[in-house]
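> Okay, handing you the structure first.
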Amino acid sequence: MADTESVEEQEVTPWIVRGSEKGINYSKLIDQFGSQPIDPPLLARIERVIKQKPHRFLRRGVFFSHRDMELVLNNYETQKPFYLYTGRGPSSEAMHLGHLVPFIFTKYLQDVFDVPLVVQMTDDEKFLWKDLTLEETNRLAYENAKDIIACGFDIKKTFIFSDLDYMAQRREFYENILKVRKLVTFNQVKGIFGLNESDSTGKIAFPAVQAVPSFSNTFPDIFGKRKDIFCLIPCAIDQDPYFRMTRDVAPRLGYLKPALLHSTFFNALQGPKSKMSASDPNSAIYLTDSPEVIKSKVTKYAYSGGQDTVEEHRAKGGDTSVDVSYQYLTFFMEDDDRLAEIKEAYEKGEMLTGELKKILIEVLQNLVAEHQRRRAEVTDEMVKEFMTPRKLNFSC
Ligand code: TRP
């Protein structure tokens, strides 16, 4: 990196997300990572192929970047099978709204394309990175699986696995990990992930574990020995380094490169400069929050793009580009027309921050209550079935 012009003021890896003053510059990230934007022509093609309006996350740029999505659409059009792969690092019991975003979207993709899904719970990763025991991260994998199941995945088409458990169940998983490790050097891991000589060898060896669910023969129960079933990975953009590495090694192993759909980050209530964290319960809306707690968190903490006084707000209007309540609505309010009305009214100063927050509170209260209702219906037997290696309702 001799060119000082390109010294990055933003850094995005799976463990560090650092933007500039104004937050993350996503189009710059596309350049940095070498992915493709999800642009209007691609959106139009998606709409033609699936014969319906694309998901609001696509319409509104929540999923904004991709790799090889055209190939996925080609496959679908020619009725070639593919599968979905996503995951979660089980580091805490407390999942928040941001954690739900990739799963809501993955559930939509499963419905629209009618394809199998594998969900990796990286209990091994969280053991290596956090101060947690293996027993604890493994327990959290099963706890978090309930929240994932509550998103509505099809039990006949979905396999959720803990790395710790699946590693002991299917040798194909470890074989693929070894094949990847044989090709990836320490220098590459340093370059791709920003790890260095002082990091544990556990961390340095881990990336292969997240790579190999991209290869269909990692799942013999679902795909048999086939290594040519194409994989699509919906994930937040910070996970892309794993899959750049995966795409780099895939051809040398005779495997297909996985396709990707990348999302932006979900901001903390306090806005893009602060991070949602389990140590500050007021930084996020948790899936366990009561309607009262949701109301008070949004009221007290959601960063406002409104003006300081009502008079000033009526005169100048609010700034939806920084207003967290408005941003949350872009994620969770389905109705495009209603959202556009709100934007206009808020920017003109006709709508006050309190009114905007009231709308958001209702949307979130419904969403979270609905999630809690579905989670309460998830039994231990269901978790066990989702997490047992087995044939899925899929033929190839
Ligand atoms: N490393 C991810 C996390 O900490 C979990 C994960 C594993 C994942 N495999 C994935 C996320 C595939 C997205 C896609 O949350």
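The values are calculated or read from the model by the stated rules, or taken from the named source; none is laboratory data. Owing to the predicted nature of the structure, the values given are computational and were not obtained by experimental measurement. Cβ placement follows ideal geometry from the backbone for every residue including glycine, while neighbour counts extend to all protein chains displayed. Each accessible area value is taken on the protein alone, full model and side chains, heavy atoms only, with ligands, DNA and RNA left out. Shrake-Rupley method; radii C 1.70, N 1.55, O 1.52, S 1.80 Å.
> Restricting to the range 228-267, and then to whatever is open to solvent by less than 10 Å² (accessible area, probe 1.4 Å) and among the hydroxyl-bearing types (Ser, Thr, Tyr), can you tell me which residue is nearest to the ligand (Cβ to nearest atom)?
242
> Here is a follow-up. Just to confirm my filter: which helices (runs of 4 or more DSSP H) fall fully inside the range 313-386 and include at least 2 residues that are open to solvent by 60 Å² or more (accessible area, probe 1.4 Å)?
Because the criterion is at least 2 residues that are open to solvent by 60 Å² or more (accessible area, probe 1.4 Å), the helices (runs of 4 or more DSSP H) in the range 313-386 that meet it are 336-348, 353-376, 380-386.
> In addition: Quick one: is residue 172 touching a residue at least 40 places away in the same chain (Cβ under 8 Å), within 11 Å of the ligand (Cβ to nearest atom) and of a type in the set (D, E, K, R)?
It is false that residue 172 is touching a residue at least 40 places away in the same chain (Cβ under 8 Å), within 11 Å of the ligand (Cβ to nearest atom) and of a type in the set (D, E, K, R).
> Just checking, which of 47, 9 is acidic (Asp, Glu) and either farther than 23 Å from residue 238 by Cβ or open to solvent by less than 30 Å² (accessible area, probe 1.4 Å) (or both)?
Testing whether each residue is acidic (Asp, Glu) and either farther than 23 Å from residue 238 by Cβ or open to solvent by less than 30 Å² (accessible area, probe 1.4 Å) (or both) leaves just 47.
> Hey, another quick one. Quick check: is even one residue across the range 268-275 within 16 Å of the ligand (Cβ to nearest atom), over 26 Å from residue 370 (Cβ atoms) and in contact with a strand residue (DSSP E or B) (Cβ under 9 Å, 6 or more places away or on another chain)?
Looking through the range 268-275, at least one residue is within 16 Å of the ligand (Cβ to nearest atom), over 26 Å from residue 370 (Cβ atoms) and in contact with a strand residue (DSSP E or B) (Cβ under 9 Å, 6 or more places away or on another chain).
> Now for a different question. Just to verify a result, which residue in the range 276-286, among those that are part of a loop (DSSP other than H, G, I, E, B) and open to solvent by 40 Å² or more (accessible area, probe 1.4 Å), is nearest to the ligand (Cβ to nearest atom)?
Selected residue: 278.
> Can I ask one more? If the requirement is being at pLDDT 95 or above, assigned to a helix (DSSP H, G or I) and touching a helix residue (DSSP H, G or I) at 6+ places or on another chain (Cβ under 6 Å), which of these qualifies: 72, 49?
49
> Can you tell me which condition residue 154 does not meet? The list is (1) free of Cβ contacts under 8 Å to residues at least 24 places away in the same chain; (2) closer than 18 Å to residue 221 by Cα; (3) of a type in the set (D, E, K, R); (4) part of a loop (DSSP other than H, G, I, E, B), and all the others hold.
Among (1) free of Cβ contacts under 8 Å to residues at least 24 places away in the same chain; (2) closer than 18 Å to residue 221 by Cα; (3) of a type in the set (D, E, K, R); (4) part of a loop (DSSP other than H, G, I, E, B), the lone unmet condition for residue 154 is (1).
> Among (1) part of a helix (DSSP H, G or I); (2) at positive phi, which single condition is residue 138 missing?
Tallying (1) part of a helix (DSSP H, G or I); (2) at positive phi, residue 138 fails exactly one: (2).
> Could you please give the count of residues in the range 106-125 that are open to solvent by less than 10 Å² (accessible area, probe 1.4 Å), of a type outside the set (A, V, I, L, M) and closer than 11 Å to residue 141 by Cα?
3
> Same structure again: How many residues are within 16 Å of the ligand (Cβ to nearest atom) and open to solvent by 10 Å² or more (accessible area, probe 1.4 Å) when one looks only at the range 200-227?
Going through the range 200-227 one residue at a time, the tally reaches 5.
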